[in-house]
């Protein structure tokens, strides 16, 4: 099981959160995963949207970061399933489509983030979402 707080790579006191990252773009997935780890987060990722609910139950992440547009799965339905598993789930929806981000915001995700984005901005949103979920 992933610890509540992630240890940073240098082994100093924990600085990050448990993050589940879902995106079908392999390059983005790898770059974001590596970057978030360097920022102190414990990151597990999948390129398969259908894995989100199973991984949510297994990993109990503090925050889920998920692309809205995924092949073979309706991510809006997936967001509803994640909320059914854990009503306090903190989800950050990412997409290059502004309309889809508006729809996601209406579904009650914690934050939306337009692609392309800066990793520092995602880190800030993760920290804000995780703190809100822990209060």
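The values are calculated or read from the model by the stated rules, or taken from the named source; none is laboratory data. These numbers come from a predicted model, not from an experiment. Note that we place each Cβ from the backbone using ideal geometry, even for glycine, and neighbour counts take in every protein chain shown.
Among the residues making up the range 71-92, a single one is under 12 Å from residue 52 (Cβ atoms), within 14 Å of the chain's Cα centre (by Cα) and assigned to a strand (DSSP E or B): 91. Candidates in the range 109-130 are the residues that are free of Cβ contacts under 8 Å to residues at least 40 places away in the same chain and closer than 21 Å to residue 60 by Cα; of these, the one that is surrounded by the most Cβ atoms within 10 Å (Cβ to Cβ) is 109.
Go over the candidates 112, 65 one by one and state the one that is within 10 Å of the chain's Cα centre (by Cα) and at pLDDT 95 or above. Step through it out loud before you land on a result.
Values: 112 fails: within 10 Å of the chain's Cα centre (by Cα).
So the residue among 112, 65 that is within 10 Å of the chain's Cα centre (by Cα) and at pLDDT 95 or above is 65.
Of the set (1) over 22 Å from residue 48 (Cβ atoms); (2) assigned to a loop (DSSP other than H, G, I, E, B), all apply to residue 102 but (2). The number of residues in the range 105-119 being touching a strand residue (DSSP E or B) at 6+ places or on another chain (Cβ under 6 Å) and assigned to a strand (DSSP E or B) comes to 3. Scanning the range 19-38 for any residue that is at pLDDT below 95, under 15 Å from residue 126 (Cβ atoms) and part of a loop (DSSP other than H, G, I, E, B) turns up nothing.
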